[in-house]
1. Can you tell me how many residues within the range 135-166 are of a type in the set (S, T, N, Q) and not in a helix (DSSP H, G or I)?
2. Do we find a residue being over 30 Å from Gly146 (Cβ atoms), assigned to a loop (DSSP other than H, G, I, E, B), among the hydroxyl-bearing types (Ser, Thr, Tyr) and at pLDDT below 90 anywhere in the range 62-81?
3. Hey, can you tell me all the residues within the range 146-160 that are surrounded by 13 or more Cβ atoms within 10 Å (Cβ to Cβ) and over 23 Å from the mean Cα position of the chain (by Cα)?
4. What are the pairs, 6+ residues apart or on separate chains, where a residue within the range 39-50 that is surrounded by fewer than 21 Cβ atoms within 10 Å (Cβ to Cβ) has its Cβ under 7 Å from a residue that is outside any helix (DSSP H, G or I) and among the charged types (D, E, K, R)?
5. Going by what's in this entry, would Arg119 be described as closer than 30 Å to Leu59 by Cβ, out of contact with any Cys (no Cβ under 6 Å at 6 or more places or on another chain), at pLDDT below 80 and not in a loop (DSSP other than H, G, I, E, B)?
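The values are calculated or read from the model by the stated rules, or taken from the named source; none is laboratory data. Keep in mind that this is a model prediction, so the values were computed, not measured. With ideal geometry, Cβ positions are generated from the backbone for all residues, glycine too; neighbour counts draw on all protein chains shown.
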Amino acid sequence: MTQPKSRRRGAELEAAILDAAWEELREVGYGRLTIEGVAARAGTSKPVIYRRWPGRPHLVLAAWNARSPSKIPVVQDTGTLREDLILLFGSIARRANEMLTEMAAGVMSEAFRHPEIGRLLKLRLNEPSPMTEAVEKIVGRAVERGELPPIELPHRTARLPLVLIRSEYPQPGNCFGEAGESVIEEIVDDIYLPLLKGLSTTDPDK
C-alpha cells in the first residue's frame, strides 16, 4: 500500500492530488474512479482529499480546471483593442492545443455524461474566471483609450473567446498550426470585434 507522503504541504500536495485524479480518470474513467484510488496514486489519504474537495465530482472538475484554458493570464497592453484580443485568443488557443495533446477532450467527455458533473459544470461556467477577467480588463482598457464607449459586458460574451477557440478544435492541432495566426485574426475581426462594437451601439431601452 502506498504510504502518505507527509512532507508535502499546500500547493505541492494539492497539485499531486489533482495529477493523480487526472491519471485515474484517464485510466479507469469517471464511473470507476474512486477517492481511494486517487489517494493511493497520490500517496496521501482520503481525509486529506475530502478536506479540500467534498466529493468525487468536485475533485474531477478541479483536475480539469487545473488544465483548463480558462486559466489565461492577463495579456500585456499593446495599445489597441484588436492586438490585445489577438494576444488573448492566441494564449487560449495554445493552451487548448496543449490540452488536446493530453487527450483532455476524450477524457472529460466520459465524465460529462454524469449528471453530478453537469450540475457542477453549469455552476462553474457562471462564475468569474481568470479568462473572463482578462476579457473585462481588455475591454476596460479599450474604453479608457476611447476605442469603445462604456459598455456592460455580458458574462456569456466574456466567456465567448474560449467557446470560439474550442469550436476550431474537432481534432488536435486543427486551429493553431501553420494557419493558426490567421485563424485567430479572422475570429477576432469577423466575430468578436463586431460583437463588442454591436454592444456599444445597442440602446438598452429598445
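1. 0
2. Yes: the range 62-81 contains one or more residues that are over 30 Å from Gly146 (Cβ atoms), assigned to a loop (DSSP other than H, G, I, E, B), among the hydroxyl-bearing types (Ser, Thr, Tyr) and at pLDDT below 90.
3. Passing the criteria: Glu147, Leu148, Ile151.
4. Between residues of the range 39-50 that are surrounded by fewer than 21 Cβ atoms within 10 Å (Cβ to Cβ) and residues that are outside any helix (DSSP H, G or I) and among the charged types (D, E, K, R), the close pairs are Gly43/Lys5.
5. Yes, satisfied.
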